Ligand code: 6PG
């Protein structure tokens, strides 16, 4: 660490510098000792130095500063009155704490008069004040404070500078990637990982593997980890969602102070997050549920980040989160304040629900194509889609997946067709049911994964069915492409409608355009259509109000029917596509058969019903058994 005490002659640079150096265990240097002989002679004759006189002196000091920093650091007393001087001094090393010892002409002149040596005429002192360019950075110290108070102030600043501005708990794939992302952006980061449970080497291995990054501090003791953080502390927990989060929170609380912020960057359930927000608020601490999307690559290079919690805590963490997040097309961070309480985790959950449906649509496209095409051909067709408005991250990786071989075998063909899940898709479906929102595509995608996991049952039942040996014609690819666009629009519509309803229900004031914007990069559902959605939600409440989109849905209807027919003809599960079609047909049909539901409910439960032609909204009951 290099600390430079600067200011006009008589401000106390040397006295304070010597004492500070002692306190910090650093060597002290007086810049005047590095002047060339010619300058010393001039100064002895009370002659002012020119800028050209100072240049060799400043360059020497810059070299020395670089040398001292690569040893143990140093405290330097140097007037450094001009910004141009300070720029030269910092030219070889930028992590300098500038301490400006500020005092009035009267105070300093009085002090100089009391000096036995180093007497300076007031005229020279005045010329120093005239030359002084007060820095717009560093630590300002009023020299009328006591030396002890000044030293305390500088030491406290040093402690804060040497501390980390962000702490990350959990060095799993995401925790490591986010730590490296943050450190590479120049932030001092502290990382913590438990040392039990066979994880004793995790921290030391991580530091060893990344020893080039000097601004990462590693800990296996929680109290030391917390002590290494500048206040208000910002601690990101990157561990598996569930009870473990609560355990870590309770371990942290005794070491935290008012105003500290705990951030949960995992896929926690929004209702758990809501409880944690309240729990920590009762202890005058902040809790932020932050959705983080983009997987390992996103975390390393720039994820999409969805922090909720209080706006006050967002102001505090935003500079760092926005620095590490992905950037949209205009260079803005794909990170924004989502809304209060657990809004951040709710939005991430819906991101995942939409992700499930997007993935299932591609799986159903594959199901339609694979009965008559090889993987190469499928990849070729999808690559054409990739250069259209259908382009997306998921389409890109799917094309790569179709082409990936190990030896002569396609990797895809060797993968067991039983899909896993960590829960966020089913949570989205439950949230929709709770809110009375229709998200049949997300639910369909969840059920498709569940059905796929019943592999043994499927094998057993399949073996009892007669196989159809009818020749298989290739599907209508144009119809499939139109149906894919249709279903994606409906999926996005259902996702954003659910967000809109949640925003009303929970009073979150969600900004759908901003949410679409932070989903244009870094996250799994980033796509060309998401780019379009940013502008759409600035004007419209939902996609159906956008005339060209609505017309496209109408014109694509027959394509969807053709694909559903193809799936029926060849017994191909196609439920998520059909869910989009069924949603569309239902929402665009004036008279559904739900009048029969009302009649049935009234028949057996006297739940009453309204009449088509009674606009008063009055409810009726019929005595169905009366003859
Ligand atoms: C993301 C992903 C991420 C996770 C998936 C996997 O946005 O980066 O969605 O959160 O990898 O959610 O979840 P499943 O195991 O449920 O598919």
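General observations
- Comparison of 258, 275, 283 shows that the only residue that is out of contact with any strand residue (DSSP E or B) (no Cβ under 8 Å at 6 or more places or on another chain), more than 16 Å from the ligand (Cβ to nearest atom), assigned to a helix (DSSP H, G or I) and not assigned by TED's automatic domain parsing to the domain that holds residue 518 is 275.
- Within the stretch 35-48, none of the residues are surrounded by 13 or more Cβ atoms within 10 Å (Cβ to Cβ) and touching a strand residue (DSSP E or B) at 6+ places or on another chain (Cβ under 8 Å).
- No other residue among 309, 295, 242, 302 is away from the ligand (no atom under 16 Å from the Cβ) and on the phi > 0 side of the Ramachandran plot apart from 309.
- Residue selected from the stretch 334-354 under the condition part of a helix (DSSP H, G or I) and over 27 Å from residue 578 (Cβ atoms), by the criterion nearest to the ligand (Cβ to nearest atom): 348
- One residue stands out among those in the stretch 261-272 that are assigned to a strand (DSSP E or B) and within 16 Å of the ligand (Cβ to nearest atom): the one that is surrounded by the fewest Cβ atoms within 10 Å (Cβ to Cβ), which is 263.
- In the set (1) at pLDDT 90 or above; (2) surrounded by 17 or more Cβ atoms within 10 Å (Cβ to Cβ), the condition left unmet by residue 59 is number (2).
- Residue tally, condition in a loop (DSSP other than H, G, I, E, B), in contact (Cβ under 8 Å) with a residue 12 or more places away in the chain and under 54 Å from the mean Cα position of the chain (by Cα), over the stretch 115-153: 8
- Checking residue 408 against (1) touching a helix residue (DSSP H, G or I) at 6+ places or on another chain (Cβ under 8 Å); (2) surrounded by fewer than 20 Cβ atoms within 10 Å (Cβ to Cβ), the condition it does not meet: (1)
- Taken together, the residues in the stretch 382-408 that are away from the ligand (no atom under 15 Å from the Cβ) and not in a helix (DSSP H, G or I) amount to 10.
- Residue that is surrounded by the most Cβ atoms within 10 Å (Cβ to Cβ) [pool: residues in the stretch 422-432 that are assigned to a helix (DSSP H, G or I) and within 15 Å of the ligand (Cβ to nearest atom)]: 428
- When the residues of the stretch 363-374 are filtered to those that are assigned to a helix (DSSP H, G or I) and without any contact (Cβ under 8 Å) to a residue 60 or more places away in the chain, the one that is nearest to the ligand (Cβ to nearest atom) is 366.
- Selected residue [in contact with a helix residue (DSSP H, G or I) (Cβ under 6 Å, 6 or more places away or on another chain), free of Cβ contacts under 8 Å to residues at least 60 places away in the same chain and within 16 Å of the ligand (Cβ to nearest atom)] from 419, 357, 379: 419
Residue-wise test of (1) over 26 Å from residue 113 (Cβ atoms); (2) in contact (Cβ under 8 Å) with a residue 24 or more places away in the chain.
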{"residue": "12", "(1), (2)": "no, yes"}
{"residue": "15", "(1), (2)": "no, yes"}
{"residue": "31", "(1), (2)": "no, yes"}
{"residue": "38", "(1), (2)": "yes, no"}
{"residue": "44", "(1), (2)": "no, no"}
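- Residue in the stretch 516-533 that is part of a strand (DSSP E or B) and within 16 Å of the ligand (Cβ to nearest atom) present: yes
- Residue check for residue 101: closer than 22 Å to residue 123 by Cα and surrounded by fewer than 19 Cβ atoms within 10 Å (Cβ to Cβ): no
- Checking each residue in the stretch 173-216 for being buried (at least 16 other Cβ atoms within 10 Å of the Cβ) and in a loop (DSSP other than H, G, I, E, B) picks out 187, 188, 193, 194, 210, 215.
The values are calculated or read from the model by the stated rules, or taken from the named source; none is laboratory data. None of the values given here were measured: they were computed from a predicted structure. Positions of Cβ are generated from backbone atoms using ideal geometry, with glycine treated the same way; all protein chains shown enter the neighbour counts.
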